[in-house]
Amino acid sequence: MPFYVQKGSIPQKRHITFYKPDGKSLYREELFSTSGFSGIYSNRYRLRMPTRVLKIEEQNLPKPEPWKNVPLKWHLFHTERYEAPKGDFFSARENLLWNDHIWISTAKPSKASDAFYKNAFAHELIFVHKGQGIFWSEFGQISFTPGDYLVIPKGTIYTLEFQDYTDTKLLIIESPDMFSIPKEYRNSYGQLREDAPYCERDLRPPEYFKPFDQKGEFKVKLKVGGKLSIQTWDHHPYDVIGWDGYEYPFAFHIDNFAAKVGQIHLPPPVHLVFSTPHFVVCNFVPRLFDFHPQAIPAPYFHTNVDSDEVLYYVDGEFMSRKGIEKGSITLHPMGLPHGPQPGKTEASVGQTKTHEYAVMIDTFAPLNIASIVETLSDSNYSKSWLEEVN
Ligand SMILES: [Fe+2]
């Protein structure tokens, strides 16, 4: 995060006595960092020690079955066309694509969670496609609506509560590396630059709520790699009286991304939202098209030999692609050129604006593909460029 936030009650300095109202017992200070003692961090002050765990049970998490001998070709598949797994915001996840640096899943949570969740291995970026509700965490709460990104540092204990569970949909990206606000969007002081597509006011840190002062049994599901450790705390984990620092979850709504428009077509980096060392996340939002009298708004063909390009289609009419519906995903693997489908370049000439929403992930190493993707795939997609232009 580029800026400092302080919520609730904290002592005047770090690492000094901070007494509860009885004047005798101490609040428990806890440093929260995802990169040792040298990266960004926050200090939290708890009612009780965060190490008070009654019971620990281990479970293996099911591994996704890879699509064996998958051909190197262009893929299109539809995540809304099957009976998605039921479950809460964690157990309903269907892992579709992955490598050592990223796991991409979709989920249609169908019920509230009876446990708290902590991904101790990966930061999470959750794009809310459908559904609204509240993100609850140790740091506070954030109301979310469709179009919100929830950026959750690894190790954050949280829950997602939907207003109703009849029509929900999440795109979830997990990464051992932090989702950073791109360096080029910030000045040398860390502040977001005047020409960045979003600014600090667009980023919504958690709102403070009074800590839960409850004893009992509270299950925290701790995900570490392929294992799930179910830890039963003897008190409510949301018992933080105050915190401050730079490391915390936040939300950013896709409509607050101020798209850039040029005289002629601008390349994908203008759509960049978050970056990591191993992949980037971009988004496409409604915008005016290029204004040169001969401009071709549709993208040109390009050979991205160094990245797998994943596009998750959210809403609107996508200008360069046919056969797309909400929740469709295209995967254009590295080494193959890609570009608009027959007729789409011509159709874009003279258009003045687009109303498309999509999230794009470019990974710098090839992705594994889950076997479920084969069953959801449009097998004719890789030949769709052979159609004649009408
Ligand atoms: Fe591309």
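Considering the range 259-317, the residues that are within 16 Å of the ligand (Cβ to nearest atom) and among the aromatic types (Phe, Trp, Tyr) include one that is nearest to residue 182 (Cα to Cα), namely 279.
Taking strands (runs of 3 or more DSSP E) as the structural unit, those lying wholly within the range 187-262 and holding at least 3 residues that are of a type outside the set (D, E, K, R) and under 19 Å from the mean Cα position of the chain (by Cα) correspond to 250-253. Within the range 153-180, the residues that satisfy the criterion of being within 13 Å of the chain's Cα centre (by Cα) and in a loop (DSSP other than H, G, I, E, B) are 153, 154, 176, 177, 178, 179. Taking the criterion of being within 25 Å of residue 122 (Cβ to Cβ) and either assigned to a loop (DSSP other than H, G, I, E, B) or among the hydroxyl-bearing types (Ser, Thr, Tyr) (or both), the residues of the range 5-46 that qualify are 33, 34, 35, 36, 38, 39, 40, 41, 42. For the range 66-120, the set of residues classified as farther than 29 Å from residue 164 by Cα and assigned to a loop (DSSP other than H, G, I, E, B) consists of 67, 68, 69, 70, 71, 72, 73, 74, 100, 101, listed by residue number.
Filtered by the rule that a residue be polar (S, T, N, Q) and either touching a Ser or Thr at 6+ places or on another chain (Cβ under 8 Å) or buried (at least 22 other Cβ atoms within 10 Å of the Cβ) (or both), the range 92-118 gives 95, 99, 106, 110, 113.
Beta carbons closer than 7 Å, at least 6 apart along the sequence or on distinct chains, pair a first residue in the range 300-315 that is over 17 Å from residue 284 (Cα atoms) with a second that is outside any strand (DSSP E or B) and near the ligand (Cβ under 9 Å from one of its atoms) for 301/339; 302/339. With respect to the conditions (1) among the aromatic types (Phe, Trp, Tyr); (2) surrounded by 15 or more Cβ atoms within 10 Å (Cβ to Cβ); (3) within 30 Å of residue 342 (Cα to Cα), residue 252 lacks only one, and its number is (3).
Taking first residues from the range 265-285 that are more than 16 Å from residue 320 (Cα to Cα) and assigned to a loop (DSSP other than H, G, I, E, B) and partners that are within 16 Å of the ligand (Cβ to nearest atom) and polar (S, T, N, Q), the Cβ contacts under 7 Å between residues at least 6 apart in sequence or on separate chains come to 278/363. Under the condition of being within 16 Å of the ligand (Cβ to nearest atom) and either farther than 28 Å from residue 272 by Cβ or outside any helix (DSSP H, G or I) (or both), the residues counted in the range 341-390 number 12. Restricting to the range 318-333, name every residue that is touching a Lys or Arg at 6+ places or on another chain (Cβ under 8 Å) and within 14 Å of the ligand (Cβ to nearest atom). Those that are touching a Lys or Arg at 6+ places or on another chain (Cβ under 8 Å) and within 14 Å of the ligand (Cβ to nearest atom): 319, 320, 321, 330, 333. Among the residues of the range 186-207, those that are without any contact (Cβ under 8 Å) to a residue 40 or more places away in the chain and not aliphatic (A, V, I, L, M) comprise 187, 188, 189, 193, 194, 195, 199, 201.
None of the figures in this text is laboratory data; all of them are computed from the coordinates on show. Since the model is a prediction, treat every value here as computed from it, not as a measurement. As a convention, Cβ positions derive from the backbone with ideal geometry for all residues, glycine included, and neighbour counts pool all protein chains shown.
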